[in-house]
Amino acid sequence: MDAGLYALSAAFAGFTAVGSTLPAHRAWGQLAVFGYAAAALAVWPARRYRTALTWLTWLAVALVPLVVEAVQRAGGRAGRAQEEVLVIEDGGWRLLHAGTPYLDVDSIAATPDRLLAYMPYQPGMALFGLPRAVFGAHWWTDARVWFAVVTAAAVVTALRVLKPPEHESVRAAQAVTVLPIAALTLATGGDDLPVLALALLGLAFAARGRDTAAGLAVGVAASMKLFAFPVLIVMAVLLRSRRYLLPAIGLPVLTLLPVLLVNPGAVVENVIRFPFGHGLVSSPAASPFPGHLIAAAGARPVAIGLLLAAGVAIAVWLWRRPPRTAGAASGVIAVGLLAAILLMPATRFGYLLYPAAFGLWIPAYEKS
C-alpha cells in the first residue's frame, strides 16, 4: 500500500509541476516528484524500516522544497511563497512594532493591496512572523520554517504519547507529512500544519488522561486559528474536565485580550468581518464545494443556513451520543470539519487536510 501511495503522490507532484498556475506549487512539484518516486522504489527494500522511510520521504517532499523555496525567496525571487506567508510575517512585524498584528479598516483602505493587509487569523499566528521581523529576510526566518518545526515537534510528541503499533503509527505520520495535500501545504504556505498537529497532539494527551496537557495543546492551536475551535469543543465533551477547559479556553482569551485593548475595531475587521464576507475585499478562498457554489449562485443565505444546520446536527450528535474514547472524538471531529468545509461559502481545497488527518488518526487513538 505504501508503494501505491508514493506512486500516486509522485503522479500528483508531476501534474502539479507542469499544470499548476501558482509558481510556488510548480516549484514544489518539480522537486517533490523525485522524492515520491524514490520512496515508491524504496518501499520493498526498506520494508522493515517503514517509519524511517516515512520521515525520510517527508524530508524529501516537504522540507527540502520548503528550504529551497525559502532560500530563493530570501534571494529576491518572486513567487516562492503563498500569500498567507507574507500576511503572517507582516502580522509579526506589526505585533512587534504596534502591539497588534491587525490593521484597522481605514489603514486597510489606504493600502495598495487590501487583500494582503488583512490577517484573518488569531493573534498567536503572528508569532511565526516574529523571526523575520526581528532578524530580517533570511531563509531561516521564513514563517514556513517555523511552521515545520512546530509541526514536527507536535507530531513526534503525539506518536510518542500514543505509542500505537507501527502500522497505525506510519499511517498517522503519513497523514500529516507525506500526503501531497500536507507536503504541498507545508512547503508553499503551511499555516494549517502546526494548528492541525497541535490539535492532534491535544487529542493524544486526552487519550492518555492528561487533561491539562490536552488543554494546553488545543489552547495554543486555538490561539492561532479558528479551525481549532471545533476540536476544542468536541474534546470538552469527551473530557468534561476543568483541568482541560482552563488552558483550552484561557490561552485563546489571553492572547486576544492585549490586541483587543490596542484596537478592538481592527480585531473585528480582520477576524470576524473579513472571513464572513463583509470586509473591504472578498476572501480568495473559492474552491468549488457546495457551499461556495450555492453562495456564488446568489443564494448565500441558503449556504449559511445549511452550514448552521450541519452545526446543529453535530451538536445533537454530541448531546445524544457523546464520544467516550479519543478515537470516537476524532471521528466526530473529522465528520464535523468535513461538513463545515463543504458548506462554507468561502473555503479552500487544502482545508480537507483537517478531516482527512483526523480520520486517518482514528486507529492510532483506538489501538494505542
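The values are calculated or read from the model by the stated rules, or taken from the named source; none is laboratory data. Everything numeric in this text was worked out from a predicted model, so none of it was measured. Please note: Cβ atoms are built from the backbone with ideal geometry, for glycine as well, and neighbour counts cover all protein chains shown.
Under the condition of being touching an Asp or Glu at 6+ places or on another chain (Cβ under 8 Å), within 24 Å of PRO323 (Cα to Cα) and either in contact (Cβ under 8 Å) with a residue 40 or more places away in the chain or assigned to a helix (DSSP H, G or I) (or both), the residues counted in the stretch 238-276 number 3. When the helices (runs of 4 or more DSSP H) confined to the stretch 277-368 are screened for residues that are closer than 19 Å to PHE229 by Cα and touching a helix residue (DSSP H, G or I) at 6+ places or on another chain (Cβ under 7 Å), those reaching at least 2 such residues are found at 300-320, 326-343, 353-360.
The single condition among (1) surrounded by fewer than 20 Cβ atoms within 10 Å (Cβ to Cβ); (2) closer than 30 Å to LEU95 by Cα that ALA315 does not satisfy is (2).
Residues in the stretch 6-18 that are touching a His at 6+ places or on another chain (Cβ under 9 Å) and either of a type outside the set (Val, Ile, Thr) or more than 18 Å from GLY190 (Cβ to Cβ) (or both): ALA17 alone.
Filtering the stretch 61-92 to residues that are under 27 Å from VAL156 (Cβ atoms), buried (at least 20 other Cβ atoms within 10 Å of the Cβ) and among the hydrophobic types (A, V, I, L, M, F, W, C) leaves VAL61, ALA62, LEU63, LEU66, ALA70, ALA81, VAL85, ILE88.
Is it the case that MET235 is in the same structural domain as LEU200 (by TED's automatic domain parsing), surrounded by 17 or more Cβ atoms within 10 Å (Cβ to Cβ) and in a loop (DSSP other than H, G, I, E, B)? No: the conditions fail for MET235.
If only residues of the stretch 105-118 that are modelled with pLDDT under 95 and part of a loop (DSSP other than H, G, I, E, B) are counted, the one that is surrounded by the fewest Cβ atoms within 10 Å (Cβ to Cβ) is PRO112. Take ILE249 and decide whether it is of a type outside the set (Lys, Arg), modelled with pLDDT under 95 and surrounded by fewer than 20 Cβ atoms within 10 Å (Cβ to Cβ). So ILE249 does not fit the description; no. Within the stretch 22-37, being closer than 23 Å to GLY190 by Cβ and either free of Cβ contacts under 8 Å to residues at least 12 places away in the same chain or of a type in the set (A, V, I, L, M, F, W, C) (or both) holds for LEU22, ALA24, ARG26, ALA27, TRP28, LEU31, ALA32, VAL33, PHE34.
Selection of first residues in the stretch 131-143 that are modelled with pLDDT of 95 or more and of second residues that are among the polar types (S, T, N, Q) and part of a helix (DSSP H, G or I), restricted to Cβ pairs under 7 Å at least 6 apart or on distinct chains, gives the following pairs, ordered by first then second residue: PRO131/THR141; ARG132/THR141; PHE135/THR141.
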